[in-house]
Amino acid sequence: MSTHTATQPAGSRTRAEINSWRARLLASLGPLTALGGVLWAIVQPYRVTLLHPDGQGFWWLFVEPPLFIVLAGALFHLLVARVLIEDLTED
């Protein structure tokens, strides 16, 4: 039995472990942001005027903050996070 791993300092982490942690964080930012938008829409349903468009114009119906948050989270996950994770794993 080798004691090599038992004698390493606890604070020394390999670059792969650090990149793995960063990759998991980047991968979770988009879905967590989208989840926050969904929770916002549930907690404050009056902000989503698509549910009750009585007398509202196009722009009031189009500009929905919770829906923008969900869209921003999805776009970040699909367009930005994947590229950043690929860049991290190249090292």
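The values are calculated or read from the model by the stated rules, or taken from the named source; none is laboratory data. For clarity, every value in this text was computed on a predicted model and none was experimentally measured. Counting neighbours? That spans all protein chains shown, and the Cβs are built from the backbone with ideal geometry, glycine included. Ligands, DNA and RNA are excluded from the accessible area calculation, which covers all protein heavy atoms including side chains. Shrake-Rupley method; radii C 1.70, N 1.55, O 1.52, S 1.80 Å.
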Reported to the nearest 10 Å², Thr33 has, with a 1.4 Å probe, an accessible area equal to 60
Label model pair Leu75, Trp59: point-to-point distance (7 angstrom along the Cα→beta-carbon line) in nm is 1.9
Length gained if Asp87 through Thr49 is fully extended, taking 0.36 nm per residue and subtracting the Cα-Cα distance, is 9.7 nm
